[in-house]
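The values are calculated or read from the model by the stated rules, or taken from the named source; none is laboratory data. Bear in mind that the values here come from a model prediction, so they are computed numbers and not experimental data. As a convention, Cβ positions derive from the backbone with ideal geometry for all residues, glycine included, and neighbour counts pool all protein chains shown. What goes into the accessible areas is simple: the full protein's heavy atoms, side chains included, and nothing from ligands, DNA or RNA. Shrake-Rupley method; radii C 1.70, N 1.55, O 1.52, S 1.80 Å.
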Amino acid sequence: MYDVIIVGAGAAGLTAAIYTCRKKLKTLIVSIDVGGQTNLTSHIENYPGTGAMHGIELMRKFQNEAIGFGAELIMGKVNKVDMSVNRSAISDHAQKPQVFDKIENSFRVGLANGETYDCKALILAYGKVPKSLGIEGEEKFMGRGVSTCVTCDLPLYKNRDVAVIGGGNSAVEGALESSTIARKVYLLHRRDSFRADEVTIEKLKNNAQIELVLNSIPLKVIGDKNVEGVEVENIITKEKKELKVDGIFIEIGYIVDTSFVQHLVKVNERKEIIVDDRGNTSHPGIFAAGDITPVPFKQTVIAAGDGSKAALECYRWLTGGKGAVLDWTH
Ligand SMILES: Cc1cc2nc3c(=O)[nH]c(=O)nc-3n(C[C@H](O)[C@H](O)[C@H](O)COP(=O)(O)OP(=O)(O)OC[C@H]3O[C@@H](n4cnc5c(N)ncnc54)[C@H](O)[C@@H]3O)c2cc1C
């Protein structure tokens, strides 16, 4: 029985582990990979105190600290989370009600390989994954011209040409943001109108640096070592052409998979796990942090901060509200 199991070894999960381990909680991290989405950025410049470095290098530091403080880490995909109710403990309940309370608040985490692990508290920090286009070259050039994060990678394209793909708010805002740094911006959308706020669309129409490529879909990413262009097709005329660009931003949304926890915790319309400002979910003993929650501005430093909050709140919960001094004013 672990005190806490953390699902996900990205910035949120690894930071949570540093905090739970420093509170001497027996901690297990279960994750598909170590580092999460931060690994995808070749040049993280906005994580304070470290200087610019590859995302993988930054996440390696997080991992070393979490393991150094005593976290156990196993690789695997979690696909089941349940309350682990023990029948014999229930029969004990008449004599010892406190036993039931403890058992009621323990969880069983199931992995895709069939293994299960039990814990008293759970921190869900398994992020979200940007949707991909599924076209030739997309994976090959990820981090070498293809990006799913305008805010993160735009500074690499000063006075260069980029294409932003998508038709929602994030794509339109991404194109507008790109036009402040890049030389030329193509906004590629498969329809002829955008699903964005009117004010934002108005700004788009008045921006001479942005060329709209409508009713068009990307077919393949072109390049040798880095991106050199994208082949696109007009879905009405079937005409194909190449847009010569140095960067391609895919802004078509994210996928959150909360299917295996929705019977326990409340989620919003985007399926993100709803939390309060300390990482409490709607279920006692289950906490969540990072991109899996509705937190705005999905960023590494924000995920890390939320991971620390969820861990301290988890410790407070496990110690019956007696633990964790919450700020320095007390
Ligand atoms: C291309 C790109 C560039 C970015 N650049 C920057 C940047 O420069 N600066 C910045 O601040 N932010 C950047 N971001 C955003 C930042 O990476 C995220 O906000 C941050 O990684 C969120 O951390 P997280 O721990 O919440 O989730 P994640 O990083 O997504 O980590 C989730 C972890 O959970 C694991 N996992 C997922 N599902 C399961 C499961 N079912 N079972 C077990 N484990 C699971 C994953 O393998 C992963 O290890 C970028 C994002 C992308 C995609």
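What to note about this one:
- Rounded accessible area of MET83 (nearest 10 Å², 1.4 Å probe): 60 Å²
- Residue among THR41, THR20, THR319 with the largest mean-square fluctuation in a Gaussian network model of the chain, springs linking Cα atoms under 10 Å: THR319
- In terms of the mean number of neighbouring beta-carbon atoms within 10 Å, the peptides 196-203, 62-69 order highest first as 62-69, 196-203.
- For the chain, no complete DSSP H run has alpha carbons reaching 20 Å or more along its own long axis together with a mean Kyte-Doolittle score of 0.5 or higher.
- Accessible carbon and sulfur surface of the chain relative to its total accessible area, %, 1.4 Å: 51 percent
- Within the stretch 240-319, GluC sites (Glu not before Pro) in DSSP loop having at most 10 other beta-carbon neighbours inside 10 Å: GLU269
- Backbone phi angles across the stretch 43-53, fed through the Karplus curve with coefficients 6.51, -1.76 and 1.60 (θ = phi - 60°), yield HN-Hα couplings of 8, 8, 10, 10, 9, x, x, 10, x, 5, 7 Hz in residue order; Gly and Pro are listed as x.
- Distances between every pair of Cα atoms in the chain, grouped in 20 Å steps from 0 to the bin holding the largest one, split as 29, 49, 20, 2 percent.
- About its Cα centre, the chain has a charge dipole of approximately 520 debye under the convention of +1 per Lys or Arg Cβ and -1 per Asp or Glu Cβ, with nothing else charged.
- With K and R counted +1 and D and E -1, the other residues having a Cβ less than 10 Å from that of SER132 yield a net charge of -1.
- Proximity of backbone amide H atoms, modeled 1.01 Å from N, is registered between LYS220 and GLU231 at under 5 Å, excluding neighbours fewer than 5 places apart on the same chain.
- Positive minus negative residues near GLU251 (Lys, Arg vs Asp, Glu; Cβ under 11 Å): -1
- Accessible surface computed residue by residue for the chain, with neighbouring protein chains in place and a 1.4 Å probe, gives 50 Å² per residue.
- Magnitude of the charge dipole for the stretch 141-247, about its Cα centre and with charges confined to Cβ atoms of Lys, Arg (+1) and Asp, Glu (-1), is about 200 debye.
- Left without a cysteine partner by the 4.7 Å Cβ rule in the chain: CYS21, CYS119, CYS314.
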